[in-house]
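Q: Mind looking over this structure? Questions follow.
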Amino acid sequence: MSVEDRFLPFLLRPWAPRGALMLLVLVLLLLGGTGPGEADLPTEPIPLPTPVDVGTWPEVRVLVHRGTSSVTVRSTEEISVEEEGQEPRRIQEVLLPPEDRSGPEESRVWVLHGSAPLELEGRAYRGRMEVHLERGGLLVVNRVGLEDYLRGVVPRELLSSQLEAVKAQAVLARTYALAHLKEPTALWDVRDDVGHQVYGGVTAEHPISDQAVFETAGLVLGWRGSLASRVVFHSTCGGCTEGNENVFGTPPVPYLRPVPCLDQLGQPACAASSYSTWTLEASAQELGQEVGRMLGKPPLAIRALEIRQTSPSGRVMRLALLLEGEEELELQGDDLRRILRLRDSSGQVRNLPSTRFLVESDCGDGRIRLRGSGWGHGVGMCQWGAMGLAREGWRFEEILDRYYPGTQVLGIAQAWAGAPP
């Protein structure tokens, strides 16, 4: 699919925002005119929201800072600082809110932009910044073009010498970002942390991930001709991914099904991950203290663990903590990873890496020992598995098809319009 096929149907519409054609020209210059070689999970595709019209399409509003009483923004070039009702200022470093506190004390907004990236708390960002003064403190939003946003996201999510795996991640990151665009009246679309996608701005950019973003420009993951709007991914599956309903407790999503993650020898494709196998252990007393703390309760007197139900992929869905006095506490789904905390081989207390585990010993030596595989919830693309498949010669389209069965790689315009794949 050529770059023109991905973007042109959208750009020729009468309501296409100004500057979009310029974006197409830039992409064509970069690519030489050729194409590339946990939340609620609804079962049906959802329409894309109205894009934010700011002169280029689309733009992502990223929440990069909140809560403090002041921030300092710097740049290597002059920054234009604009506030409604005030004369614009041009300066290389600005403290907000200004020390003179001129103007109203609530609901003030400053817009910052310049010819060079803006620096905040040691990170540089492309695009512009909006600094909102609210009762709870400052809220800083980086408004940045989608492709520049991806340049700061993809290397923080997956960075590898296996380019096809990184390209698969770029398509997923683009799909995720578009699915989370909110209405124009919203202050921000996504956060810059693991609650959405980890975003590091210019500071995180890398030549390999830049190449992956450029070579997949305008491509998203589609389902039934629309955007596959609930894509999720994780680090390491241990040999088989999981269905969303067994982790998040939501209705099954057709493209979030359990699939094998195996190489050509039938071994886990993610075996190179340090979490392909793991062992955690703790005394019954230690575990009881940690579980009680996580639940906001006194320490629990745990005498054993009992697996009550597993999924077809081997992940624990229901685990009973058998307590003194014949009482028990049952944990389910992804709560296991949040609540269970044991010691790793270095002695550090940590959360359960995944729910794919066996209880090897039940306090026979006074300790509870779990042996498992994987890191993360296990739904969607296994990032270490994608790298393993790419090493065997899989293309990014094939990798995505493996982890999201029934999906297609589409151009943004096609997915936006909901045209048949």
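Q: Do you know which residues across segment 191-208 are out of contact with any Leu (no Cβ under 7 Å at 6 or more places or on another chain) and buried (at least 16 other Cβ atoms within 10 Å of the Cβ)?
A: Residues satisfying the conditions are 196, 197, 198, 199, 200, 201, 202, 204, 205.
Q: Out of the residues in segment 62-96 meeting the condition of being more than 15 Å from residue 114 (Cα to Cα), open to solvent by 80 Å² or more (accessible area, probe 1.4 Å) and polar (S, T, N, Q), tell me which one is nearest to the chain's Cα centre (by Cα).
A: 69
Q: Something else about it: Quick one: which residue in 238, 222 is surrounded by 21 or more Cβ atoms within 10 Å (Cβ to Cβ), in contact with a strand residue (DSSP E or B) (Cβ under 7 Å, 6 or more places away or on another chain) and assigned to a loop (DSSP other than H, G, I, E, B)? If you could, list the steps in order and put the result at the bottom.
A: On the way: 222 fails: assigned to a loop (DSSP other than H, G, I, E, B).
Just one listed residue meets the conditions, 238.
Q: To continue, here is another question. Please state which one of 313, 283, 274 is surrounded by fewer than 17 Cβ atoms within 10 Å (Cβ to Cβ), within 24 Å of residue 172 (Cα to Cα), of a type in the set (Ser, Thr, Tyr) and touching a strand residue (DSSP E or B) at 6+ places or on another chain (Cβ under 9 Å).
A: 274
Q: Looking at segment 193-210, I want the residues that are more than 15 Å from residue 170 (Cβ to Cβ) and have a partner that is crowded, with 18+ Cβ neighbours inside 10 Å and β-branched (Val, Ile, Thr) with Cβ atoms under 6 Å, at least 6 apart or on another chain. Which pairs are those?
A: Listed by first residue and then by second, the contacts come to 196/190.
Q: Further question on the same structure: Would you say residue 171 is in contact with a strand residue (DSSP E or B) (Cβ under 6 Å, 6 or more places away or on another chain), within 24 Å of residue 388 (Cα to Cα) and not in a strand (DSSP E or B)?
A: So residue 171 passes the test.
Yes/no matrix, rows are residues, columns are (1) among the β-branched types (Val, Ile, Thr); (2) open to solvent by 60 Å² or more (accessible area, probe 1.4 Å); (3) farther than 23 Å from residue 192 by Cα; (4) more than 30 Å from the chain's Cα centre (by Cα):
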position	(1), (2), (3), (4)
98	no, no, yes, yes
126	no, yes, no, no
140	yes, no, no, no
163	no, no, yes, no
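Q: I'd like to verify a number: residues in segment 142-168 that are in contact with a His (Cβ under 7 Å, 6 or more places away or on another chain) and either at pLDDT below 95 or not in a helix (DSSP H, G or I) (or both), how many?
A: So the count comes out to 1.
Q: Are any of the residues in segment 265-276 under 30 Å from residue 346 (Cβ atoms), touching a Lys or Arg at 6+ places or on another chain (Cβ under 7 Å) and at pLDDT 95 or above?
A: no
Q: Okay, next question. How about segment 142-157: which of its residues are under 15 Å from the mean Cα position of the chain (by Cα) and either open to solvent by 10 Å² or more (accessible area, probe 1.4 Å) or over 11 Å from residue 198 (Cα atoms) (or both)? If you could, list the steps in order and put the result at the bottom.
A: Keep residues of segment 142-157 that are under 15 Å from the mean Cα position of the chain (by Cα), which gives 146, 149-157.
146, 151, 155, 156, 157 - these are the residues of segment 142-157 that are under 15 Å from the mean Cα position of the chain (by Cα) and either open to solvent by 10 Å² or more (accessible area, probe 1.4 Å) or over 11 Å from residue 198 (Cα atoms) (or both).
Q: Would you please name the residue that is least open to solvent (accessible area, probe 1.4 Å), looking only at residues in segment 316-337 that are over 21 Å from residue 259 (Cβ atoms) and among the small types (Gly, Ala, Ser)?
A: 320
Q: Then there's this: Looking at residue 356 and the list (1) of a type in the set (D, E, K, R); (2) at pLDDT 95 or above; (3) open to solvent by less than 40 Å² (accessible area, probe 1.4 Å), which single condition is not satisfied?
A: In the conditions (1) of a type in the set (D, E, K, R); (2) at pLDDT 95 or above; (3) open to solvent by less than 40 Å² (accessible area, probe 1.4 Å), residue 356 misses (3) alone.
Q: Another question, then. Hey, among the residues in segment 180-219 that are of a type in the set (Ser, Thr, Tyr) and out of contact with any strand residue (DSSP E or B) (no Cβ under 8 Å at 6 or more places or on another chain), which one's nearest to residue 123 (Cα to Cα)?
A: Here the answer is 209.
Q: Exactly one condition in (1) more than 20 Å from residue 388 (Cβ to Cβ); (2) touching a strand residue (DSSP E or B) at 6+ places or on another chain (Cβ under 6 Å); (3) assigned to a loop (DSSP other than H, G, I, E, B); (4) not acidic (Asp, Glu) is not met by residue 251; state its number.
A: Among (1) more than 20 Å from residue 388 (Cβ to Cβ); (2) touching a strand residue (DSSP E or B) at 6+ places or on another chain (Cβ under 6 Å); (3) assigned to a loop (DSSP other than H, G, I, E, B); (4) not acidic (Asp, Glu), residue 251 violates only (2).
Q: Residue 404 fails exactly one of the following numbered conditions: (1) open to solvent by 40 Å² or more (accessible area, probe 1.4 Å); (2) modelled with pLDDT of 95 or more. What is the number of that condition?
A: (1)
The values are calculated or read from the model by the stated rules, or taken from the named source; none is laboratory data. Predicted, not measured: the structure shown is a model, and the values here were computed from it. Virtual Cβ from ideal backbone geometry, glycine too; neighbours counted across all protein chains shown. In case anyone asks, the SASA skips ligands and DNA or RNA and just uses the protein heavy atoms, side chains included. Shrake-Rupley method; radii C 1.70, N 1.55, O 1.52, S 1.80 Å.
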